[in-house]
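A short write-up of the structure that comes next.
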Amino acid sequence: MLRRLSVAFGASLALTAFTALGRFAWGGPFLPEQMAEILFANIPVWAFTPLFRVFGLGSKYWAFAGMVGLHLALWTSVGGWLLGRGGRTMLIGLLVLLGFTLILLPLSGEGWFGAALPSGPVGAVLTLVAAIALYGGVLGLARRRTEGRTATPDRRGFLRTAGMAAAATAGLKLAGGLWAEVARAAEDLWRAVAGLPPEITPVGKFYTVSKNVFDPAVKTERWSLEIKGLVDRPYKLTYEELKGLPSVTEPATLMCISNEVGGELISNAQWKGIRLKDLLAKAGIKPTAVEVILRAADGYSDSFPLKKGLEDGVLVVYEMNGQPLVKQHGAPARVIVPGIYGMKNVKWVTSIELADYDYKGYWEVRGWSDEAIYKTMSRIDVPTGPLKAGERAWVGGVAFAGDRGIRDVEVSLDGGKTWQNAQVKPSLGSFTWVLWALPWTPPAPGAYPVKVRAVEKNGAVQTSEVRPPLPDGASGWHAVTIRVS
Ligand SMILES: Nc1nc2c(c(=O)[nH]1)N[C@H]1C(S)=C(S)[C@@H](COP(=O)(O)O)O[C@H]1N2
Ligand SMILES: [Mo]
């Protein structure tokens, strides 16, 4: 029994390794991946959040690893059973298995006979036939050996068992190596998609918006930050004093409320600074305070509710991507408020005041939203030019949902009739955009109407309702036409 199972495990491993190779070499079916797709597509919403909490951002990779294990176990047990029958039964068994693998493909959304796979349906079926032939071959070989063998002394039996154990260990090692390879491939994918923006925007490429013709050149030595208003102990901090306080570093994405659908006024950086709630606690918050008002060296001002200001992610920052803040991004210090539009992220900040009323800032008095909560967006950046029919390509871009987070990005290649899930790179933090990409081999020349929409972690689908940026941020799905020759 043990011997049979280890032979079957070897056969199962050979089949898995072969299809994994096919997955990366010619885009063939790789059943653990299709099993994971079926799982992801059918996992109930109530199960998603607790699982995500346990397994974190790597959830889908853990689920995939589980599917590799399940896949190996299934083929091992079926193989063990088939070995006990032999002959005709084995052949029929293998054909039934082929049937089952073919059923998995449409269930996972890869289409009949794997038509949606990069290998195409013929490649997919040939891959499965070859994989099962390989699997059946290993089983058959082992069976013939056993039959041809007369009663053998115990010593040989022992050696054989030892050999099988060694093979099984080697097999497990191979599976581990394969897994590491798959994980690396997942990481490399994002570098392979040419034309995606870097996940962290370099300072020089970060979008800039301000009301000023000439931004203020604030002298760091003369700058100070005042904490005042409804606090028990108002105080002032110099630049050196601010830098001396306990700091945190976190990534956060900024987007301007005037950004159009598909627009460029969005970037992502790593920010270092002091938690606003720590600065306020030092001053002692009066119970009547409900609003944080920020004022800046250029006469700009804005505000948000104190409740927002006490969140962990709200910082007074002095470094961006590991370097002192540069002038156009608010040197020597600015505020970062995750979850609300760029205009509330006041640059060149000079004072923080607590008040007991709803203050209207520079843009609010000009008709823009007071709440200014980020609307969920997604953008198509790739491909950057026309494609060729039959050639493997990517559709890709960024998606952002403020502090609500992105769960999925869905892409339509037919103007919104059908949708499929893109691959989403796990986000760098709770307040950042994500990169997404979908492998696509255009089947025929033509003009393809491509659309994208994001799904928030809470399950809400990005609205298709088209709205201009004024007054509370643009909405609608980004659409492009991809030309294929
Ligand atoms: N002091 C000051 N802060 C400001 C502004 C400004 O004009 N003055 N513009 C706001 C707007 S509208 C946006 S979108 C962001 C842009 O930040 P960035 O230039 O670092 O990308 O800064 C905000 N903070
Ligand atoms: Mo903005």
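For the range 332-342, the count of residues that are within 14 Å of ligand 2 (Cβ to nearest atom), crowded, with 22+ Cβ neighbours inside 10 Å and farther than 16 Å from Gly309 by Cα is zero. Do we have Asn321 as open to solvent by 10 Å² or more (accessible area, probe 1.4 Å) and of a type outside the set (D, E, K, R) here? Considered against the rule, which asks whether it is open to solvent by 10 Å² or more (accessible area, probe 1.4 Å) and of a type outside the set (D, E, K, R), Asn321 comes out as yes. From the list Leu230, Leu245, Leu237, Leu279, the one residue that fits, being away from ligand 1 (no atom under 16 Å from the Cβ) and closer than 22 Å to Glu371 by Cβ, is Leu230.
Evaluated against (1) in a loop (DSSP other than H, G, I, E, B); (2) in contact with a Gly (Cβ under 6 Å, 6 or more places away or on another chain); (3) surrounded by 17 or more Cβ atoms within 10 Å (Cβ to Cβ), Pro197 falls short on exactly one condition, (2). Among residues that are open to solvent by 10 Å² or more (accessible area, probe 1.4 Å) and either within 8 Å of ligand 1 (Cβ to nearest atom) or within 20 Å of Ile340 (Cβ to Cβ) (or both), Lys286 is not included. Of the residues making up the range 431-456, those that are surrounded by fewer than 17 Cβ atoms within 10 Å (Cβ to Cβ) and of a type outside the set (Gly, Ala, Ser) number 3.
Restricting attention to the range 95-115 and to residues that are of a type in the set (Gly, Ala, Ser) and in contact (Cβ under 8 Å) with a residue 24 or more places away in the chain, the residue that is surrounded by the fewest Cβ atoms within 10 Å (Cβ to Cβ) turns out to be Gly109.
Just checking, which of Leu189, Leu230 is at pLDDT 95 or above, surrounded by 14 or more Cβ atoms within 10 Å (Cβ to Cβ) and not basic (Lys, Arg)? The conditions single out Leu230. Figure legend. Inter-residue proximity from the range 457-470: first residues under 18 Å from Gly405 (Cα atoms), second residues open to solvent by 80 Å² or more (accessible area, probe 1.4 Å) and of a type in the set (Ser, Thr, Tyr), beta-carbon distance below 7 Å, spacing 6+ or different chains. No pairs are indicated. Check whether at least one residue in the range 285-301 is within 16 Å of ligand 2 (Cβ to nearest atom) and aromatic (Phe, Trp, Tyr), and report yes or no. Checked the range 285-301: at least one residue is within 16 Å of ligand 2 (Cβ to nearest atom) and aromatic (Phe, Trp, Tyr). Here Val346, Val316 are screened, and the one residue that is assigned to a strand (DSSP E or B) and crowded, with 23+ Cβ neighbours inside 10 Å is Val316.
The condition (being of a type in the set (Phe, Trp, Tyr) and within 16 Å of ligand 2 (Cβ to nearest atom)) is satisfied by just one residue among Tyr207, Tyr235: Tyr207. Within the range 350-393, the set of residues being away from ligand 1 (no atom under 15 Å from the Cβ), in contact with a Leu (Cβ under 9 Å, 6 or more places away or on another chain) and either at pLDDT below 95 or over 19 Å from Gly299 (Cβ atoms) (or both) comprises Leu354, Asp356, Asp381, Val382, Ala393. Filtered by the rule that a residue be part of a strand (DSSP E or B) and among the aliphatic types (A, V, I, L, M), the range 201-255 gives Leu225, Ile227, Val231, Leu237, Val248, Ala252, Leu254, Met255. Checking each residue in the range 253-275 for being away from ligand 2 (no atom under 15 Å from the Cβ) and either among the polar types (S, T, N, Q) or open to solvent by less than 20 Å² (accessible area, probe 1.4 Å) (or both) picks out Asn268, Ala269, Gln270, Trp271, Gly273, Ile274.
The values are calculated or read from the model by the stated rules, or taken from the named source; none is laboratory data. Remember, predicted model here, so these are calculated numbers, not experimental data. Every residue, glycine as well, gets a Cβ built from its backbone with ideal geometry; the counts of neighbours run over all protein chains shown. Just so you know, the surface numbers come from the protein's heavy atoms only, side chains and all, with ligands and any DNA or RNA stripped out. Shrake-Rupley method; radii C 1.70, N 1.55, O 1.52, S 1.80 Å.
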